[in-house]
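Only one structure is covered here, and it is reproduced in the block below.
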Amino acid sequence: MSEVMRVVEEAAAKLNLTTLAGLDPARAVSLVEAINAALGTTLSSGVVADHPDTASLAAHVESVLDAATAREEIAIVGLHCRTGDAPDSDEFWDIVRTGRDVTREIGDPVALTMFRQAFPDAELPRYGAMPDTDAFDPAFFRISPTEAAAMDAAQRVLLESSYHALEDAAIDAASLRGRRVGTVVGTTGLAPQAEYTAHSLLGSDTSVMVSRLAYHLDLAGPALAVDTACSSSLVAIDVAVRLLLSDQADLVLAGGVYVINHPGVFLTMQNLGTVSATRRCTPFDADADGMLVGEGVGMLVLKRLSDALRDNDRVHGVIRASGTNQDGRTSGITAPSVSAQSALLREVLGRSGVAADALGYFEAHGTGTTLGDPIEIAGITSAYAGLTDRTGYCPIGSVKANVGHTMGAAGVLGVIKVLLGMRDGVVPPATNFTKPNPHIDFDSAPVRVPTEEQPWPAGPDGRRHAAVSSFGYSGTNAHLVLSDLPLPTRQPAPSRPQLIPLSARTRDRLRVRAADLAAALRGPLSGADLADVAYTLQVGREPMAERTVLVAGSVAELVGQLDRVAGGEEIALGDSVPAELAGPARQWASGEPVAWARLHLGTAPRRIGLPGYPFERHRYPHAWADGTPIERPKNGAAPMLPPPAGTATGAPATAAATTAAATAAA
């Protein structure tokens with residue numbers, strides 16, 4: 001007998017009821033009040049008339065309880081990442097999809113000297129080096145160049161990536177001020193301060209790293225730094241999910257970051273004994289002998305799915321369920337546990353509502369270590385035992401083979417990899433995999449390692465489903481189940497002119513922004529709907545001081561106008577601008593608020609991914625933590641980064657503009 005059935009029958013017995021048919025209103029109220037008191041429901045007495053016996057009434061109560069306790073899915077509405085050789089998610093996905101290993105030998109002279117002195121006979125380490133970790137735009141974040149120079153590179157990288165994630169979600173950052181927006185970031189700690197100043201203290205503090213974002217955006221939700229070693233960012237996502245489901249936040253930025261901030265990292269990892277002696281990370285392969293370190297940052301923008309659908313957000317995917325647990329006592333404090341991993345996977349899958357054999361991909365922790373890989377596959381096999389009889393049906397891989405083990409960012413990069421695979425309907429090939437590890441029983445496992453790219457079709461329910469694991473050497477494990485969310489079809493709206501607002505902090509950045517958008521609309525976004533482009537720029541970008549406004553009737557016309565803005569031309573609105581757009585255009589240009597929704601009455605434009613803000617690139621070289629003062633330019637400014645040849649975003653600011661921005665931020 002179920003607990004609900006027992007409660008219903010006891011309530012009926014106390015009222016001496018032998019049947020519920022034809023029950024008078026007074027006793028119906030008494031019966032329902034007893035049930036509500038015992039189970040915490042809010043049933044009305046009218047339900048008794050529709051359920052004339054205790055069995056049918058109990059079944060109804062159980063359905064009410066099931067509906068009340070059903071977990072809402074969490075929507076991922078924005079994302080951004082940077083890794084070795086990848087300045088954004090598109091380049092990252094290209095690395096993963098083509099199966100490239102982008103790790104490289106260390107080149108820093110201090111790191112080289114330290115390593116050769118400590119390990120004269122060892123091969124030089126390789127790692128996933130993130131480009132331009134010393135580049136930053138302090139004026140954009142209202143940080144002085146002096147303070148920026150004292151900040152750990154991870155703090156600077158995190159600020160820019162988080163802002164880009166909000167742009168990817170088409171959320172005006174200024175609209176978040178004072179709202180219940182959380183920030184939860186996985187980290188594995190920062191190096192000690194490079195000098196003993198207040199700026200250096202704050203610049204090397206992980207709690208300040210997270211709160212800087214909340215401070216800049218004036219957010220009112222929780223700001224939490226999470227350190228569980230390698231699982232930090234996936235644990236951060238699980239914490240973010242809990243904040244949303246418990247109604248402690250309405251939106252959460254969650255992810256992780258890792259930038260090598262001291263040359264001693266390479267010595268530490270070599271001494272730990274988990275680094276590949278052959279300097280190749282080969283998860284699940286017969287030649288697997290260890291991991292390689294990598295730098296990375298990944299940030300997600302999370303909302304309750306009901307809120308995302310209400311706001312007509314673009315949804316990259318949804319988190320069906322997530323969870324964490326701990327290994328407890330194992331053969332060593334860093335040794336993993338099959339039973340702990342298995343229990344977590346089974347519990348999270350059970351809450352997700354996704355069947356084991358419906359999973360189309362499994363992003364593993366997959367460090368390529370001799371101990372970790374066999375234990376992880378054994379844990380998966382144990383978790384799915386009894387849930388499916390199929391073997392070898394689910395492709396498995398690990399992004400660590402592509403970009404290295406990015407520590408505090410590892411889990412979120414695995415999530416982003418899965419989301420991009422879902423978007424394109426593609427399972428990427430496993431990198432550096434040739435022959436299965438003989439210590440792994442793949443014949444009994446539900447997973448297999450794909451050696452080439454393959455299609456990822458939607459399941460019978462029209463959706464793709466995947467699992468992601470991340471296990472910390474601290475013993476803290478994290479796991480989640482993801483699904484995509486296919487867009488509903490929509491009827492094409494009549495073509496009409498659209499108002500296109502653009503803004504930036506400086507005229508130079510405005511020109512670069514126009515060039516970036518033009519390049520995107522010529523290339524990967526050539527098929528974009530003009531109304532979607534306009535709507536995204538109207539509601540999904542923070543208004544800034546330098547502004548221009550365009551009116552175009554087609555994407556091709558818009559591209560032509562953007563080229564003129566990029567070339568420094570001022571475009572005046574002509575007399576041919578429709579009357580309904582002329583007023584809002586003038587309001588925008590003069591800095592007044594605009595009721596953008598009124599321009600789209602009767603239509604439903606979508607938020608889409610457009611190029612993010614082109615941050616200025618100032619150099620702040622790493623200062624290794626030895627406590628000695630850092631030599632700085634006398635005026636506190638940092639030199640501009642030379643522009644990459646032939647790129648729009650590399651267009652340098654004028655010397656006057658650079659000096660003015662540095663002075664204003666100092």
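Derivation of every value follows stated rules applied to the coordinates shown; laboratory data play no part. Only a predicted model underlies this, so the values are computations on that prediction, with no experimental measurement involved. Counting neighbours? That spans all protein chains shown, and the Cβs are built from the backbone with ideal geometry, glycine included.
As a test of the formula, what do you get for the chain when each DSSP H run with n ≥ 4 contributes -39,500 (n - 2.57) and the sum is divided by the residue count, at 222 nm and rounded to the nearest 500 deg cm²/dmol?
On the way: 22 runs with 242 residues, N = 666.
The per-residue figure over the chain is -11000 deg cm²/dmol.
Would you calculate the convex hull of the Cα atoms in the chain and tell me its volume per residue in Å³? Let's see the in-between values first.
Numbers: hull volume 128.1 nm³, N = 666.
Value for the chain: 192 Å³ per residue.
Based on Cα coordinates alone, diagonalise the gyration tensor for segment 74-127, multiply each eigenvalue by 5, take square roots, and list the semi-axes in whole Å, largest first.
Details: eigenvalues 219, 33, 17 Å².
That gives 33, 13, 9 Å for the three semi-axes.
Using 7 Å Cα-to-Cβ label points, what is the Asp357/Leu15 separation (nm, one decimal)?
My value for the distance between the label points is 4.6 nm.
Which whole-number percent gives the relative contact order of the chain, counting Cα pairs below 8 Å spaced six or more residues apart? Kindly include the intermediate steps, with their values, before the conclusion.
Working: 1417 pairs, mean separation 114.3, N = 666.
Here the relative contact order equals 17 percent.
Arg490 to Glu62: extension gain in nm, 0.36 nm per residue of separation minus the Cα-Cα distance? Show your work: numbers first, answer last.
On the way: separation 428, 0.36 × 428 = 154.08 nm, distance 3.71 nm.
Full extension from Arg490 to Glu62 adds 150.4 nm.
Per residue, how big is the convex hull around the C-alpha atoms of segment 498-600? Give it to me in cubic angstrom, could you? Walk me through the numbers before you get to the answer.
On the way: hull volume 9.3 nm³, N = 103.
Here the figure is 91 Å³ per residue.
What is the gain in length, in nm to one decimal, between Ala55 and Leu601 on full extension, counting 0.36 nm per residue of separation less the C-alpha to C-alpha distance? Intermediate values should be presented prior to the final figure.
Numbers: separation 546, 0.36 × 546 = 196.56 nm, distance 5.04 nm.
Between Ala55 and Leu601, full extension yields 191.5 nm more.
What distance in nm lies between label points placed 7 Å from Cα along the C-beta direction at Ala579 and Asp90?
4.1 nm
How far is it, in nm, from the label point at Ser2 to the one at Asn312 when both lie 7 Å from their Cα along the line to the Cβ?
Here the modelled spin labels are 4.1 nm apart.
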